[in-house]
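A.B. asks: Quick one: the structure is below, and I'll ask about it shortly.
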Amino acid sequence: MTVATATMNQISTQTQMPKSLWADAISRIKRDKLALTCGAIIIFYALLALLASLGLIAADYAQTNPQGFSPPSPDHWFGTDMFGRDVFMRTVHGTRIALSIGLVTSLIAIPIGVCLGAIAGYFGGKVDDLIVWFYTTVDSIPDLLKIIALSYVMGRGILSVYVAIGFTTWVGLCRLIRAEFMKHKSREYVLAANALGASHTRRMFVHILPNVFHIILINFSLRFIIGIKTEVILSYLGLGVEPGQPSWGIMIDDAKQELAQGVWWQLAAATGAMFFIVLSFNIFADALRDALDPKLRNK
Amino acid sequence: MNPILEVKNLRTKFTTHDGSFYAVDDISFKVYEGKTLGLVGESGCGKSVSSLSVMRLIPSPPGVIESGEIIFKGRDLLKLSMDEMRSIRGNQIGMIFQEPMTSLNPVFTIGDQIEESLKLHKKDLSGKQIRERAIDMIRLVGIPSPEKRFFDYPHQLSGGMRQRVMIAMALSCSPDLLIADEPTTALDVTIQAQILELIKKLQTELNTAMILITHDLGVVAETCHEVAVMYAGKIVEYGTVEEIFNSPQHPYTKGLLNSVPHFETGSRRKKLETIPGIVPSLVNLPPGCRFSDRCGFKTDICSKQEPKLETHGGHLTACHNPVGAP
C-alpha cells in the first residue's frame, strides 16, 4: 500500500491533474483581460477598506478645519467639505462602509436564501408550499418599503442598514436555489447517493449544493452592487448610517445643498468612487457567470 | 441453504391522478448467497419497483409499500427505521443503476465518490485506509492506472468506465447483496459483455448474492442461476435458469423466448415472432389472468379466475393452461 501511495505521488507530479470546474473557471477568467482588470479594481478597493479600517491610511479623516470648502489642491486632492474635512480621506473610508455592507448583508441573506430554497426544492409538497407562500408574501412588499420600515424600527445606524438589507433581499436567490434543487433532486446521482446510505442533509448539502454553488457565488458578487446602491439611497433619505460617518450616501446627501454653492468635489468623489466599484462588480460578476456556466461556454 | 434475502408477498402501491394500482402485486422470491436471481419482464412490469422496494427507495408519494415482508439476513427491512435502513444501504446492500452517464455526481472526482460509502459506513477506517481501499476498488473493476484515475471527473470517462465506477461504488463496502438494475442497458454490446463478465467475476470472488434486473434473456442465460419472469406486477414463472429456458410453462415466457431473434447462417429469413397486443394498463387490468387477452392458449377460466403460482413441469408457474415443453 505504501507502494501505491508512492506511485500516486509520483504520478500526480508527473502528469497534469484533471481540471475541476473551479480550476477551469479560474483559467477562463485569467484569459479575460477586462474581468481581470475589474477584479484588480475590486481587490484595490478591498485593500483600501482594510487599510482604512486598521487606521493605516487616511487616519485623520475626521480632522476638522475652521476653513471649509477648499477646492481640490495638492494638500487636499478632492478638496474639503464644510467642516474642512478632507474629502479624499472620507471617500476612502466610504469604501470601508460600502464593502462591509455588501459583505455583512450577504452573510445574512445568502444563508437564509440558500437554506429555505434548498429545503423547499428538495422536500417539495407542504414544506414547499409554506416556504413559497412565505417568500411571495415577503416579496410582495417593495424592498425599499421594508428596508425603510426596518430602519425606523431599529433606529438610525449601520447595524440597522445591515439587518434591513440582509433580511429583505434573499428572495431572488431563494427562488433560484429552489428551482435548482427541484431539478437536481430527481437526478440519478442523488438516487445513487441515497442507495449508498446518504442522509437527507448529506444529499442536500454535500451532493446537490456543490452542483449549484456557482449560482451562490454569482449572486454574492451581485449583492455588493445592491448593498452599495441601497446604502446610498438610504443615507440620502436620511435612514442610513449616522450623519457623522464617512459613507458615500452621506457624502452625496451633504452635497445636495453644497452643489448650489458651486461645491462639486464631494459629489464627484463619492459618485466616482461608487461608479468604479459598481461597474467593476458588474463586469466581474458577468465574467464569473460566463466562466462557471457550461451552457454559455462558447467564447 | 438459507436465503440471504427473502421477499414475501410484497405489494407496492402507487397513487396517481388516474387512480391507484399495484406496480408490484404479491410477489415472493428468495436470493441465496453467491447466487444470482434474474428478474425478467417487459418495461413497466414492476422489475425496478421490486428492487427499489427492497432498498426502500420507492419515491413516496406517490409510492408506498403496502404489505409483505422483506427478510434480509433475518431482519425484516420494512420494520427498520430510516436510520437503520441507511446503515444497510450501500453497506450491506449495494445497487448499480441503469444510467451510468447520470448516476455519478458531475462535480466530484470518481475517487471521492467511491470513498463516499466507505466514509459513511466504515467509520473506523482512517482517511489513508479509505483512499487505499478506493484505489483498490478502481483496480478491481479493471480501470487502468487507478492512482491517476482516482482524480478524474465523470465527464472524462466513457460510459463503460463510468459503469465500472458505479460497480466499484456499489461493492466498496463488500455488500452481501448486490442489486443490478439493468446495468448494461445504456452500453453498447461489446461493453455490455465486458461489464457482465466483470460483474460475474466479482460476484464469484466476493461471494455476493445478486438480483439482476434485465429484459435481455441472453444476459439471463449467461449470468443467472434462478429466474423470475414478471408480467404486469406479478411473477408468472419462477424457477432455475435451466428449467425456464428448457421447459417454459407460461405462454408469456414462451412468447418471450420465441421473440429472441436468431441469426443462423443458411436459414431462410423468418419474420421475428412477437407477442401480440400490448401490456395492459395497471390501472385497468383484465379480469382473471392478466395475460389472458394476449394469450393464444386462453380458455374460459382464464378471464374468470386469477391463476396461482403452482408447480407445473418441475417449477412454479401461474397459469391455468401450462404449455409444457416447447
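A.B. asks: Is it the case that some residue within region A:193-208 is closer than 18 Å to A:Leu107 by Cα and at pLDDT 85 or above? Show your work before the answer.
C.D. replies: Taking region A:193-208 first, the residues closer than 18 Å to A:Leu107 by Cα are A:205.
Of the ones still in play, those that are also at pLDDT 85 or above are A:205.
Within region A:193-208, one or more residues are closer than 18 Å to A:Leu107 by Cα and at pLDDT 85 or above.
A.B. asks: While we're looking at this one, here's another question. Has region B:49-60 got any residue that is away from every other protein chain (no Cβ under 14 Å), in contact (Cβ under 8 Å) with a residue 40 or more places away in the chain and not acidic (Asp, Glu)?
C.D. replies: There is at least one residue in region B:49-60 that is away from every other protein chain (no Cβ under 14 Å), in contact (Cβ under 8 Å) with a residue 40 or more places away in the chain and not acidic (Asp, Glu).
A.B. asks: Restricting to region A:116-159, name every residue that is within 19 Å of A:Val212 (Cα to Cα) and over 22 Å from the mean Cα position of the chain (by Cα). Step through it out loud before you land on a result.
C.D. replies: Initially, region A:116-159 is screened for residues within 19 Å of A:Val212 (Cα to Cα), giving A:116-124, A:128.
Of everything in region A:116-159, those that are within 19 Å of A:Val212 (Cα to Cα) and over 22 Å from the mean Cα position of the chain (by Cα) turn out to be A:Ile119, A:Ala120, A:Gly121, A:Tyr122, A:Phe123, A:Gly124, A:Asp128.
A.B. asks: Specify the residue that is farthest from the other protein chains (Cβ to nearest Cβ); the eligible residues are those in region B:116-149 that are open to solvent by 60 Å² or more (accessible area, probe 1.4 Å) and within 22 Å of B:Glu205 (Cα to Cα).
C.D. replies: Looking at residues that are open to solvent by 60 Å² or more (accessible area, probe 1.4 Å) and within 22 Å of B:Glu205 (Cα to Cα), I get B:Pro144.
A.B. asks: B:Ser51 fails exactly one of the following numbered conditions: (1) assigned to a strand (DSSP E or B); (2) polar (S, T, N, Q); (3) open to solvent by less than 50 Å² (accessible area, probe 1.4 Å). What is the number of that condition?
C.D. replies: All conditions pass for B:Ser51, except number (1).
A.B. asks: Confirm whether A:Ala198 is without any contact (Cβ under 8 Å) to a residue 40 or more places away in the chain, within 14 Å of chain B (Cβ to nearest Cβ) and part of a loop (DSSP other than H, G, I, E, B). Outline the logic, then answer.
C.D. replies: Numbers: without any contact (Cβ under 8 Å) to a residue 40 or more places away in the chain: yes; within 14 Å of chain B (Cβ to nearest Cβ): yes; part of a loop (DSSP other than H, G, I, E, B): yes.
Judged against the criteria, A:Ala198 is a match.
A.B. asks: Given the options A:Ile233, A:Ile226, A:Ile252, name the one that is open to solvent by less than 30 Å² (accessible area, probe 1.4 Å) and either within 22 Å of the chain's Cα centre (by Cα) or at pLDDT 80 or above (or both).
C.D. replies: Testing whether each residue is open to solvent by less than 30 Å² (accessible area, probe 1.4 Å) and either within 22 Å of the chain's Cα centre (by Cα) or at pLDDT 80 or above (or both) leaves just A:Ile252.
A.B. asks: I've got another one for you. Please verify whether region B:24-45 includes one or more residues that are in a strand (DSSP E or B) and either within 14 Å of chain A (Cβ to nearest Cβ) or open to solvent by 60 Å² or more (accessible area, probe 1.4 Å) (or both). Show your work before the answer.
C.D. replies: Keep residues of region B:24-45 that are in a strand (DSSP E or B), which gives B:24-32, B:36-40.
When the remaining residues are screened for being either within 14 Å of chain A (Cβ to nearest Cβ) or open to solvent by 60 Å² or more (accessible area, probe 1.4 Å) (or both), the result is B:26, B:30.
For region B:24-45, residues in a strand (DSSP E or B) and either within 14 Å of chain A (Cβ to nearest Cβ) or open to solvent by 60 Å² or more (accessible area, probe 1.4 Å) (or both): present.
A.B. asks: Taking B:His215 and the conditions (1) of a type outside the set (Lys, Arg); (2) more than 17 Å from B:Glu99 (Cα to Cα); (3) open to solvent by 20 Å² or more (accessible area, probe 1.4 Å), which numbered condition does it fall short on, given that it satisfies the others?
C.D. replies: The failed condition is (2).
A.B. asks: Let me ask you something else. Pick from A:Ala49, A:Ala35, A:Ala98: which is surrounded by 20 or more Cβ atoms within 10 Å (Cβ to Cβ), more than 14 Å from chain B (Cβ to nearest Cβ), over 30 Å from A:Glu258 (Cβ atoms) and modelled with pLDDT of 75 or more? It would help to see each step written out before you state the result.
C.D. replies: Details: A:Ala49 fails: over 30 Å from A:Glu258 (Cβ atoms); A:Ala98 fails: over 30 Å from A:Glu258 (Cβ atoms).
Step by step, each of A:Ala49, A:Ala35, A:Ala98 is checked, and only A:Ala35 is surrounded by 20 or more Cβ atoms within 10 Å (Cβ to Cβ), more than 14 Å from chain B (Cβ to nearest Cβ), over 30 Å from A:Glu258 (Cβ atoms) and modelled with pLDDT of 75 or more.
A.B. asks: May I pose another question? Among the residues of region A:205-223, write down those that are more than 19 Å from A:Asp290 (Cα to Cα), in contact with a helix residue (DSSP H, G or I) (Cβ under 6 Å, 6 or more places away or on another chain) and open to solvent by 10 Å² or more (accessible area, probe 1.4 Å).
C.D. replies: Keep residues of region A:205-223 that are more than 19 Å from A:Asp290 (Cα to Cα), which gives A:205-209.
Now narrow it down to the ones that are in contact with a helix residue (DSSP H, G or I) (Cβ under 6 Å, 6 or more places away or on another chain): A:207-208.
Residue satisfying the conditions is A:His207 alone.
A.B. asks: Restricting to region A:162-195, give me the number of residues that are within 10 Å of another protein chain (Cβ to nearest Cβ) and of a type in the set (S, T, N, Q).
C.D. replies: Selection size over region A:162-195: 2.
A.B. asks: When you check A:Ile215 against the structure, is it within 14 Å of chain B (Cβ to nearest Cβ) and of a type in the set (Val, Ile, Thr), yes or no? Before you say what the answer is, go through the steps one by one.
C.D. replies: Values: within 14 Å of chain B (Cβ to nearest Cβ): yes; of a type in the set (Val, Ile, Thr): yes.
Judged against the criteria, A:Ile215 is a match.
A.B. asks: Can I ask one more? Taking region A:161-188 as the search range and keeping residues that are β-branched (Val, Ile, Thr) and part of a helix (DSSP H, G or I), which one is farthest from B:Val107 (Cα to Cα)? Full working, then the answer.
C.D. replies: Taking region A:161-188 and keeping what is β-branched (Val, Ile, Thr), we get A:161, A:163, A:165, A:168-169, A:171, A:177.
Cutting the leftovers down to part of a helix (DSSP H, G or I) gives us A:161, A:163, A:165, A:168, A:171, A:177.
Numbers: A:Val161: 37, A:Val163: 34, A:Ile165: 32, A:Thr168: 31, A:Val171: 26, A:Ile177: 17 Å.
Only one residue tops the list, namely A:Val161.
A.B. asks: Right, something else. Output the residue which, of all residues in region B:297-326 that are modelled with pLDDT under 80 and surrounded by fewer than 13 Cβ atoms within 10 Å (Cβ to Cβ), is farthest from B:Phe29 (Cα to Cα).
C.D. replies: Taking the candidates together, the pick is B:Pro326.
A.B. asks: Still on this model: Condition first: of a type in the set (Val, Ile, Thr), farther than 19 Å from B:His215 by Cβ and either crowded, with 20+ Cβ neighbours inside 10 Å or in contact (Cβ under 8 Å) with a residue 24 or more places away in the chain (or both). Now tell me which residues in region B:150-198 satisfy that.
C.D. replies: Pass one, region B:150-198, residues of a type in the set (Val, Ile, Thr): B:165, B:167, B:179, B:184-185, B:189-191, B:195.
Pick out the ones that are also farther than 19 Å from B:His215 by Cβ and you get B:165, B:167, B:190.
Result: B:Val165, B:Ile167.
A.B. asks: To continue, here is another question. Given (1) crowded, with 16+ Cβ neighbours inside 10 Å; (2) free of Cβ contacts under 8 Å to residues at least 40 places away in the same chain; (3) among the β-branched types (Val, Ile, Thr), where does A:Thr169 come up short, assuming only one miss?
C.D. replies: (2)
A.B. asks: Let me ask something additional. Residue pairs, Cβ under 6 Å, 6 or more apart or interchain, first in region B:80-99 and more than 8 Å from chain A (Cβ to nearest Cβ) and farther than 15 Å from B:Leu5 by Cα, second buried (at least 16 other Cβ atoms within 10 Å of the Cβ) and β-branched (Val, Ile, Thr). List them.
C.D. replies: Close Cβ pairs satisfying both conditions: B:Ile96/B:Ile167.
A.B. asks: Here's something else I'd like to know. Could you tell me which of the residues A:Asp75, A:Asp60, A:Asp139 is within 22 Å of A:Phe224 (Cα to Cα) and open to solvent by 60 Å² or more (accessible area, probe 1.4 Å)? Break it down stepwise before answering.
C.D. replies: Details: A:Asp75 fails: within 22 Å of A:Phe224 (Cα to Cα); A:Asp60 fails: within 22 Å of A:Phe224 (Cα to Cα).
From the options A:Asp75, A:Asp60, A:Asp139, the qualifying one is A:Asp139.
The values are calculated or read from the model by the stated rules, or taken from the named source; none is laboratory data. Predicted model only: the values in this text are computed from it and were never measured. For neighbour counting, all protein chains shown are included, and Cβ atoms are generated from backbone atoms with ideal geometry for every residue, glycine included. Ligands, DNA and RNA are stripped out before the accessible areas are found, and what is left, the full protein with its side chains, is counted by its heavy atoms. Shrake-Rupley method; radii C 1.70, N 1.55, O 1.52, S 1.80 Å.
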